[in-house]
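Shown next, in structure tokens, is the structure this report addresses.
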Amino acid sequence: MSASVQQLAAAVSQALQRGDRDTFVRSVKSLLAARAPLTSGWKSLSQPLLHFGEFELARSAIDLFAAAQPGNATAAYDRALVYAQTGKPREALAVLDRTPSVGTHPAATAYLRGTIALNLGDASAARAALIDAHRLQPGSGQILQTISMLGSLDDDEPLATLILDAEVSMRSANAEDRAAYLYALGKLWDDRGNTARAYASIAAGAALVASVRRYDVEGDRQHAKAAVSEWTGDRIDAIAGRVRMPTDRAIIVTGLPRSGSTLVEQILVSHSAVVDGDEVARFGVVVDAIGGTSYRHMADWTLRHNPTDASRTYLHLLAQRFGRMGRVVDKTLDASRYLGLLASIAPQAPLLWMRRDPLDVAWSCFSTWFLTGLPWSWSQQALAEHIRLEEELLERWQDILGDRLMVVDYEALVADKHARIPPLLAHVGLDVEPDVFSPERTERLVTTASLTQVRAPINNRAIGRGRRYADHLRPFVDSYRVLGGSIDE
């Protein structure tokens, strides 16, 4: 390794330790240009590149890692995984197709194939790959939980039997795998209408996870408080007035998980002017650069920087995920915590906030195995705390942002799509097109827990699901009311 490459490698390491994203990215680009012989180091660099939203560089890094080990199944798997994580599922499958069938991670490879196929809507391929993954690694609760998402288990006896047969063996699994399995078992009983057994399984799984990943209620409250601290409409307008580039590419969709945001994303992506949408989840890069989410953080930062710098970073992050052409949907479910920043640096981006019946949201969140882990979803009291915080934030942001923030009621949307979709399109600057009324026909990658629902025609089957569990959700209802919420049972 030459002295210049060694210096660049040292600069990369030091920048990463300091959290200096700009220097880190600049130094990695130089290493890539030099095709530095880092071997396994390229794999290590791909991970912080993913964190920083530098998807193109992450793929380049993992390409060099795999190229240095031709025929190595593990390296090929690592490469496919990075491609899948950066919105390139078909390219990831192509990598796996060229990989030797015998490798050190056969179960992981089968699982990756299955999840990609599931996210792409290929149910047959997903089923075959996931069943194969379970055969190779029968003790994985995560695999069984993903299998449960293939569709309704009410009349799918082979899959139901596979899940039920694992019950005894999963009792000795580690807490994480057992919890994931219990969510799968809960879904099976829910699909079959057995609410008592469904709730018992899911509650047991939630309790297992809550015991090792605790919800910090005070931290959540402080985070919410900081999000709106000192923001006003005039202050957002003043910062936005200094932005010197178009920012109308992004359509922001936010709200609580399981509130209908994936449906609205699917509706918008069905429009010819919108190329794609996803939970980008990289705005934290902008927040880190500014130093926080409050107006004071932004005001201090703009003493040394032009707001356009933050706008450019945000649009760059979108381009890393979606490419550089067309409008895109940035579905970011924690945007309530930095909406002041986002509204000020992307002043032309329309804002949509999904709202759904709180009991339905509570049950849907409680019964969903979130891959990223949402600690507030594992207990009914925590659910009440977090949902009330989000409702209070919505009220505050409505006061601050006015008509720029459109609230979309899920129940009204699915009850009358022909009446509700046109105003939604008008708010984001799109004309009405026929395809938006049949979004289930749009073929694309969907990576959220709602991936099976959005591939069905718009319907009202999810309305009132929480009321089937009203007796079991009494702790949520009582806590929600104590916190000032109003709920009909």
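The values are calculated or read from the model by the stated rules, or taken from the named source; none is laboratory data. Computed from a predicted structure; not experimentally measured. All Cβ positions, even for glycine, are placed from backbone atoms using ideal geometry, and neighbour counts span all protein chains on display.
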Check your understanding: Mind checking which residues of the range 142-183 are among the polar types (S, T, N, Q), surrounded by fewer than 22 Cβ atoms within 10 Å (Cβ to Cβ) and assigned to a helix (DSSP H, G or I)?
Key -> Gln142, Thr161, Ser169, Ser172
Review point. On the given criteria, is Gly87 at pLDDT 90 or above and not in a helix (DSSP H, G or I)?
Key: yes
Exercise for review: Could you give me the residue pairs with C-beta distances under 8 Å whose first residue belongs to the range 279-300 and is at positive phi, whose second residue is assigned to a helix (DSSP H, G or I) wherever it lies, and which are 6+ apart or on separate chains?
Suggested key: Gly291/His297; Gly291/Asp300; Gly291/Trp301; Gly292/Ala226
Study note, to complete from the structure: Within the range 275-296, of all residues that are part of a loop (DSSP other than H, G, I, E, B) and among the small types (Gly, Ala, Ser), the one farthest from Leu430 (Cα to Cα) is Gly291
Study note, to complete from the structure: Residue hits (the range 222-236; of a type in the set (Asp, Glu) and assigned to a helix (DSSP H, G or I)) are Asp234
Review point. Filtering the range 1-15 down to residues that are part of a helix (DSSP H, G or I) and not hydrophobic (A, V, I, L, M, F, W, C), which residue is farthest from the chain's Cα centre (by Cα)?
Key: Ser4
Point to revise | Matching entry among Pro37, Pro70, Pro89 (being under 26 Å from Ala133 (Cα atoms) and either outside the structural domain of Val5 (by TED's automatic domain parsing) or surrounded by fewer than 19 Cβ atoms within 10 Å (Cβ to Cβ) (or both)) | key: Pro70
Review point. Quick one: would you say Tyr111 is closer than 24 Å to Gln266 by Cβ and either touching a Lys or Arg at 6+ places or on another chain (Cβ under 6 Å) or at pLDDT 95 or above (or both)?
Key: no
Review point. Taking the range 297-328, which residues are buried (at least 16 other Cβ atoms within 10 Å of the Cβ), among the polar types (S, T, N, Q) and in a helix (DSSP H, G or I)?
Key: Ser311, Thr313, Gln320
Exercise for review: Considering only the range 256-300, state which residues are touching a Leu at 6+ places or on another chain (Cβ under 7 Å) and among the small types (Gly, Ala, Ser).
Suggested key: Gly260, Ser261, Ala273, Gly277
Point to revise | Qualifying positions in the range 16-72 - in a loop (DSSP other than H, G, I, E, B), out of contact with any Pro (no Cβ under 9 Å at 6 or more places or on another chain) and at negative phi | key: Asp20, Ala34, Ala36, Pro37, Leu38, Phe52, Gln69, Pro70
Point to revise | Which numbered condition Ala58 fails, given (1) at pLDDT below 95; (2) closer than 30 Å to Ala110 by Cα; (3) not charged (D, E, K, R) | key: (1)
Practice item. Mind counting the residues in the range 414-465 that are modelled with pLDDT of 90 or more and either part of a loop (DSSP other than H, G, I, E, B) or acidic (Asp, Glu) (or both)? Key: 9
